[in-house]
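Rule-based calculations on the coordinates, nothing more; no lab input. Keep in mind it's a predicted model, so treat the numbers as computed, not measured. All Cβ positions, even for glycine, are placed from backbone atoms using ideal geometry, and neighbour counts span all protein chains on display.
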Amino acid sequence: MAMNRNRRTTSLRDTDTRLNESDKIEGTGSWDAIEWTTIDQPVSRPVPHGLSDFLYEAEEVLAEGYGVLVNTDEAGTLFVTNFRLLFLSEGSRDIIALGTIPLATIEKFNKIVLKQPAGPRQFDKTASRRLLQVTGKDMRIIIFAFRPRTKQRRAVFEALLRCARPTRLWDLYTFSSGPSRFSNTSPRVRLLNEYIRLLGMESNNSSVSMVEDGSFTLSNNWWRISDVNATYDMCSTYPFSLLLPKSIRDEEVLQACKFRARSRLPVISWCDARTGAVLARSSQPLVGLMMNMRSNADENLVGALCTPLPDGSKGRRKLYIADARPRKNALANGAMGGGSESSSNYFQSEIVFFGIDNIHAMRESLVRLRDYLDTHGTRSSDGMSSFLRHGGSTWGGGNLSSMSASVSTLGDSGWLIHIQNVLAGSAWIAARVAIESASVLVHCSDGWDRTSQLVALASLLLDPYYRTIKGFQALVEKDWLAFGHPFSDRAGMPSFSGSDVELPRQSSSANFSSSPIRQTPGSFPSQSPMSQAHTSNNYSPIFLQWVDCVSQLLRMYPFAFEFSSAYLVDFLDCTLSCRFGNFLCNSEKEREQYGVSGACGCLWMYLDDKRASGGSSHVHYNLFYDPSKYEGPLLPPAAALAPTLWPQFHLRWSCPSEAQAGEVETQCRNLVERISELQMAKEVAERKARETIATMEAVKAEIRNEKQISSSAMNLARKTKRENTIIKRAIQSLGCRIHVSGNDECTIDIESNQPERITSSPSTRETEGSLHSYDEKTDTPISVTLTHDDDDVSGNPILRVCENLCPQRTLDGGCKWPDAGCAQLGSQFVGLRANYEAFDRLSIYDSYFKLE
């Protein structure tokens, strides 16, 4: 719909319009340098006709408002759907990616009012601008501006209140869209297949029937698949099947689970079928305040993780117990009944503390990093402090990637230090298993956050299978989904609590204040509802941090991974958006109990479909992948564990130019695309060449056939010519007159007392005493006239009998043929003219040829 408006752009950096602190009302931020677009007249716009082209299946528009995306100073329409905020550019009529964010990816949103100076004749009145700040979990902070007194911001804000944080899980978009064509096959079947692979029994494949009838309890010499938790009664946050030492009975398992927090007893997560080394996980032991509580069942279970050494070596395998927490935190947990193991209680064991901070420290670190990047990015939501946006630079010539060299330049966020701690702990675990062939038991407090990070990352280093796309899926489903990482709590989404699926609405900003850059003194953000996870401080980017660690390994070992950094970004976006049901709820039990897998689409199917559309050159594939280079474990040295920012994820919104892939990778991908195009052109040319060759062969075969036919025709023509010559001479010897004419008919005139005409035509027929014939072997028309000669043969010198040549001549000079009439033309014997009717009068007893 056409819009009538006058646009006036005002730079708030100018000294005559810069606001003093007294001019700002509560709710303002630092907006001094924002390029502002003013709309003088109210605008009401229906949904554009082309909007349906951008909507997903079952996506519905709930509210809309015309505004400006402050980050890029671009005007357009902001739509609130049941899945996302969608910003449609007014000029290009395309979706602006920065202003389009899934509702589930929104961490918080609030209203801000910016008070503007009055005009020269408006000393008593002040105008204000309505802003809507949206902060995403994917490292973006976006600002939308609306014209005052149009109530468009209110409509958008209220729609966000209703939809951004639903109180029921069923209100999420993924349940409205359904599985569609991305249906999710049974995750439990895939988990069993991974267990079977670890046992070295790839010839066996699990099925839904095996899960239903409980016939999946396979085993090898050391380990077995147990169904002790098939009904989730033993541990509600563990999977239905567990990989346990073969020597431990289920009764001992049920006893051992009582000694671990939340009954998360030690179980095998990864094992080496060649050496017998295992990587196990659990929660903290319940040793109590005095650290003196013990459990024989737990000690036996942990001891059974140490199988005999291979090659008949004497002694037992060493056991490392890796506690992910700082030592002081582990001791502090003793006051609540938790704590850590004592090496004296576990045979030939060693306790190691990694000092990784808890979920609250990770959340605050990411908030500081996000604010710092937004402040200094080229598309900052705070234009005044964005030096890069106005042509300046704060470090390294404006190269954001260079700030990874010093953690202090990241605004003391501490994010890279946390990444380094997780990487170092995982590398240490992988080295113990690969080099010493030792077994390692990993745990933190509950065993589902830091434990999942360390175990999954160590498995990625140890097993090349997990570095493929299919293996990466199996790893995530096993160590994150099946073993109960609370995705709903950590992502701030509703979850199930027993049978109650209703969650109360809570405040969004009670625990998440922006950094000093985002909130100046006197700011007053409006309240918006957030999930129970936020208010209980359970929201934390634990899984995002782990994917960040994977990207660091991909950077260090570019030839070892089948997937690319772009694959990790798309995978993480799908996880944060809650568009699919794979990462909903807090445990496998909840997803199975409420049928989430069957009611929602599957993320893995969606990613597979995207790759299938692009073939082997799709951006999800790593161009440098060469599995032959790293067939064994990856053991990075300590010096290599120096993490940097992940440009494709951290910088894609604040500084898109830096977020592009590295120069070498970009050039290689461009070359691969060019090679792919040339390959396609080559295939087309080869196909056309094959078609041309086939056509030429067909033509050659046809020419050979025609040549054979022509040769046969020529031979037949020569034969016919000879026959015609003989016939002609024979007719001439009978005293006929032959005339050759140039017309299409041949006539033969036979003269007796009255000449008889015989006409030859293309068809042979006999009508009214005339004979019509045509020689199909030759097209030469002839006219023949036959006359009966009454002259005496003996008196005609031409018809004199040639006694030397006649084969019917008798020795006495007689003739064996009755009434024979012989003729000689020139010196050549031509033929006979005889009375053939004489044969009819002969009987078998007549001695016709007897000598007289």
Suppose each label sits 7 Å from its Cα in the direction of the beta carbon; what would the S344-K629 distance come out to in nanometres? 5.1
Within segment 543-642, which GluC sites (Glu not before Pro) sit in a loop by DSSP and count at most 11 neighbouring Cβ atoms inside 10 Å? E631
The answer for F353, listing residues at least 5 apart or on another chain whose modeled amide H is closer than 5 Å to its amide H, is D323
Once label points are set 7 Å from the Cα along Cα→Cβ at both T695 and L671, what is their separation, rounded to one decimal in nm? 3.7
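Can you sort Y372, Y557 by how many other beta carbons sit within 10 Å, fewest first? Before the final figure, lay out each step's value.
Working: Y372 20, Y557 17.
Least to most surrounded, the residues fall as Y557, Y372.
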Multiplying the sequence separation of R154 and E60 by 0.36 nm and subtracting their Cα-Cα distance, what value in nm do you get? 31.9 nm
Of K115/K151; K111/K151; K610/K682; K470/K610, which pairs sit farther than 20 Å apart, going by alpha carbon to alpha carbon? K610/K682
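Compute the length gained on full extension between S712 and S128: take 0.36 nm times their separation in residues and subtract their Cα-Cα distance, giving the result in nm to one decimal.
Working: separation 584, 0.36 × 584 = 210.24 nm, distance 10.26 nm.
Extra length from S712 to S128 when fully extended: 200.0 nm.
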What is the spin-label model distance, in nm, from A612 to K721 if the labels are put 7 Å beyond Cα along the C-beta direction? 7.1
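Report the extension gain between R93 and M680 in nm, rounded to one decimal, defined as 0.36 nm multiplied by the number of residues separating them, less their alpha carbon distance.
Values: separation 587, 0.36 × 587 = 211.32 nm, distance 3.31 nm.
Full-extension gain reported as 208.0 nm.
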